[in-house]
Structure formats: C-alpha cells, structure tokens
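Written out below as structure tokens is the structure these notes cover.
The values are calculated or read from the model by the stated rules, or taken from the named source; none is laboratory data. Just so it is clear, the structure is predicted and the values come from calculations on it, not from any experiment. Positions of Cβ are backbone-derived with ideal geometry, glycine not excepted, and every protein chain shown enters the neighbour counts.
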Amino acid sequence: MSWFILIIAGIFEAAFAFCLGKAKLHTGTPATVWYIGFLICLAISMVLLVKATQQLPIGTAYAVWTGIGAVGSVIFGIFAFQEPVTFWRIFFLTTLIGSIVGLKGVS
C-alpha cells in the first residue's frame, strides 16, 4: 500500500509543477486559481509522501517521488506546453523510469 501512496504522491508532484506552468501563462484571477491548485497539489503530495515514508526508507521514497514528479512534469510539458520531443529527452526519460523501477525492485 505504501508504494501505491508514493505513486499517487508523485503524480501530485507532477500536478503541482503543471499548475505552476499554467499560472505562468496567465495573469490576474486565472493565475491565482492555478496558484491555489499548486498549493493544494503540493499539500496533498507532501502529506502522501510523509505517509509513504512511514513504511518505506526515506532515501528510496524521496528518489522515487522526485523521479515520478520529473517524469510526469516532462510528459505534461510535452503534451500541455508543446515542449520539444527529441531523441535525447526520450532516452533520458526512459533511463529515469528504469531507475525508478530499479529502486522499487531493490527495496
């Protein structure tokens, strides 16, 4: 169950990065709404990370949490913000995913 909680926490980490990206594109009330979304996602992500680390080693949990957030942020960037899709971005994204899976495998 702790791994599931950690995965959800990582997804919310990517979501708060997405909210920051959207807020950057807006001003006024729409930007404020995205910043509020950022704070909500940040809080949920942190609470779930704390919950997951009650059962998982902190080093592994933190590395997996940031890895999931990084992968999710890149995917959001590609699809929502039209960031470039290059061979090297996909290559290193794939190696990051492999590292996350590897950490779970050895924990």
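Here are the numbers for this structure:
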item	result
Test for Gln82: is it in contact with a helix residue (DSSP H, G or I) (Cβ under 9 Å, 6 or more places away or on another chain) and not in a helix (DSSP H, G or I)	no
Qualifying residues in region 45-65 (those that are among the hydroxyl-bearing types (Ser, Thr, Tyr) and assigned to a helix (DSSP H, G or I)) - the one nearest to Val101 (Cα to Cα)	Thr60
Residue match in region 72-82 (condition: surrounded by 18 or more Cβ atoms within 10 Å (Cβ to Cβ) and without any contact (Cβ under 8 Å) to a residue 40 or more places away in the chain)	yes
Boolean, Ile7 is β-branched (Val, Ile, Thr), in contact (Cβ under 8 Å) with a residue 40 or more places away in the chain and part of a helix (DSSP H, G or I)	yes
Residue in region 2-24 that is out of contact with any strand residue (DSSP E or B) (no Cβ under 7 Å at 6 or more places or on another chain), closer than 26 Å to Ile78 by Cβ and polar (S, T, N, Q) present	no
The lone exception for Ser107 - which of (1) touching a residue at least 60 places away in the same chain (Cβ under 8 Å); (2) in contact with a Pro (Cβ under 8 Å, 6 or more places away or on another chain) it fails	(1)
Test: residue in region 2-17 that is over 25 Å from Thr95 (Cα atoms), out of contact with any Gly (no Cβ under 8 Å at 6 or more places or on another chain) and among the hydrophobic types (A, V, I, L, M, F, W, C)	no
Any hit, region 23-33, residues being modelled with pLDDT of 95 or more and under 23 Å from Trp3 (Cβ atoms)	no
Pairs with Cβ under 7 Å, 6+ apart, first in region 50-62 and touching a residue at least 24 places away in the same chain (Cβ under 8 Å), second assigned to a loop (DSSP other than H, G, I, E, B)	Leu56/Ser107; Pro57/Ser107; Thr60/Ser107; Ala61/Thr53
Any hit, region 46-55, residues being surrounded by fewer than 19 Cβ atoms within 10 Å (Cβ to Cβ), of a type in the set (A, V, I, L, M, F, W, C), over 12 Å from the mean Cα position of the chain (by Cα) and farther than 23 Å from Glu83 by Cβ	yes
